[in-house]
Amino acid sequence: MDKTDILSLTLDELRTKIDEIGEQKFRASQIYDWLHNKRVRDFSEMSNISAQLREKLNKYFWINSIKIKKRLVSDLDNTVKYLYGLYDGEKIETVLMEYKHGNSICISTQVGCKMQCKFCASTKAGYVRDLLPSEMLLQIYESERDSGRKINHVVLMGIGEPLDNFDNVVQFLKLLDEKPDMSLRHISVSTCGLADRIYDLAELKLGITLSVSLHAPTDEIRSEIMPVNKRYNISQLMTACKYYFEKTGRRISYEFALIDGVNDDKATADSLIRLLKGQNCHVNLIPINAIKDGVFSRSKSVEEFKEMLSDGGINATVRRTLGADINAACGQLRRDDQ
């Protein structure tokens, strides 16, 4: 019999499981408190539960864990980059960032990535497997434990494509929604453009922010740098995004990494303005990070591009660069550790 990953269960699911093993449902609240508030790593630490029940829990369940393999701290802005080791020996990255409004964490959702975006380091070491809901949650728990900082915002924009791990990501969001100090309105889920899953996400009306990695306003450019565009072209993606806004009322954030000589000229800006005109959206311009063996360079026209968008009526900002001295962009630390 396979044991159940107990950290991936919501409180209601835990109550059902506890009832199924012949225990009173109120025990689930005690166990849940030990796991998610006291954050114990072993059933033996649950001191207000009988030894008999702890033995039964150990028979039917397991408590997942992750361990810090590397930890880099920026001297510039206190950004912390973690390389976490998983139960099966695989590794993922997590980045903890400090802002005026609080602490934000960028978590991974897969070990590696299938999407093959040409400017991204995450895909270089290859896709291995999806992360469990507990492994996403533990990136928050262990980063808070190590740093002593309370995390207010969560961004699913680390290694992996969140909507390619749809069911586990949705379960993780349900776990976050149970926390009284965490609002789903402070959660951002990124996608490179899996249009079918955007429709699925819209139906759930979770209240999260959807961040779409657009990076080009035409199929010609986007297909060259993002192979996913050959599966879901820009027209299909825009239709899905408009549906998401209609169903949820949540403004979409379009991520746009500026690449020198590829997508940073006036013609591209004009095309982007035409594409997004009339949408309730925001464009987040990203100065691209150089990666090992990469073929693209950072644009020298970031501010000029922003001004062109603003003049065209598009709400645009430039993402603040954090952790520049520790290569805080996702994928590089894991790849270097291979």
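Derivation of every value follows stated rules applied to the coordinates shown; laboratory data play no part. Quick caveat, the model's predicted, so the values are computed rather than measured. Cβ sites come from the backbone with ideal geometry, for glycine too, and all protein chains shown count toward neighbours.
Normalising the average separation of contacting C-alpha pairs (under 8 angstrom, six or more residues apart) by the number of residues puts the relative contact order of the chain at 15 percent.
Would you mind ranking Val318, Val95 by Cβ crowding within 10 Å, fewest neighbours first? Working shown, then result.
Numbers: Val318 15, Val95 27.
The order, fewest Cβ neighbours first, is Val318, Val95.
Past 28 Å, Cα to Cα, is the threshold; run Lys17/Lys247; Lys230/Lys266; Lys17/Lys150; Lys81/Lys179 against it and keep the listed order. If you can, show how the numbers build up before the last one.
Details: Lys17/Lys247 34 Å; Lys230/Lys266 25 Å; Lys17/Lys150 30 Å; Lys81/Lys179 24 Å.
Too far apart for the 28 Å limit: Lys17/Lys247; Lys17/Lys150.
Mind giving me the FRET efficiency for Glu178 and Arg274? R0 is 35 Å, r the Cβ-Cβ distance, nearest 0.05 is fine. Write out the running numbers ahead of the final one.
Values: r = 43 Å, r/R0 = 1.22.
It comes to 0.25.
Tell me, rounded to the nearest percent, the portion of alpha carbon pairs in the chain spaced more than 32 Å apart.
On the way: 18206 of 56953 pairs.
So the pairs more than 32 Å apart make up 32 percent of the total in the chain.
With +1 on each Lys and Arg Cβ and -1 on each Asp and Glu Cβ, and nothing else charged, work out how big the dipole of the chain is about its Cα centre, in Debye to the nearest 20.
Details: 48 positive and 48 negative charges, 66 e Å.
About 320 debye.
With a simple spin-label model that places each label point 7 Å from the Cα along the Cα-to-Cβ direction, the separation between Glu45 and Asn152 comes to 2.7 nm. For the range 268-278, the Karplus equation 6.51 cos²θ - 1.76 cosθ + 1.60, evaluated at θ = phi - 60°, returns couplings of 5, 4, 5, 5, 5, 4, 5, 5, 9, 3, x Hz by residue, with Gly and Pro reported as x.
Remark: the range 190-198, residue by residue, has Karplus-estimated 3J(HN,Hα) of 9, 8, 7, x, 7, 4, 4, 6, 5 Hz, where x stands for each Gly or Pro and the curve is 6.51 cos²θ - 1.76 cosθ + 1.60 at θ = phi - 60°. Around the amide H of Gly112, modelled in the peptide plane, lie the amide H atoms of Val128, all under 5 Å away and 5 or more residues distant in sequence or on another chain.
With an 8 Å Cα cut-off and a minimum separation of 6 or more residues, compute the relative contact order for the range 1-70 in percent. Mind showing how you got there, number by number?
Values: 53 pairs, mean separation 28.0, N = 70.
Relative contact order, the range 1-70: 40 percent.
The charge dipole of the range 65-211, taken about the Cα centre with unit charges on the Cβ atoms of Lys, Arg (+1) and Asp, Glu (-1), comes to about 380 debye, rounded to the nearest 20. Between Asp219 and Lys114, the simple spin-label model (points 7 angstrom out along Cα→Cβ) gives 2.3 nm.
Taking neighbour counts of Cβ atoms within 10 Å as a proxy for exposure, in what order, fewest first, do Tyr82, Tyr99, Tyr127, Tyr60 appear?
Details: Tyr82 23, Tyr99 12, Tyr127 18, Tyr60 15.
In increasing order of surrounding Cβ atoms, one gets Tyr99, Tyr60, Tyr127, Tyr82.
For the range 219-226, the Karplus equation 6.51 cos²θ - 1.76 cosθ + 1.60, evaluated at θ = phi - 60°, returns couplings of 5, 4, 6, 5, 5, 6, 9, 9 Hz by residue, with Gly and Pro reported as x.
Subtracting the Cα-Cα distance from 0.36 nm times the residue separation, let me have the gained length for His36 to Thr16 in nm, one decimal.
On the way: separation 20, 0.36 × 20 = 7.20 nm, distance 1.76 nm.
This chain segment gains 5.4 nm when fully extended.
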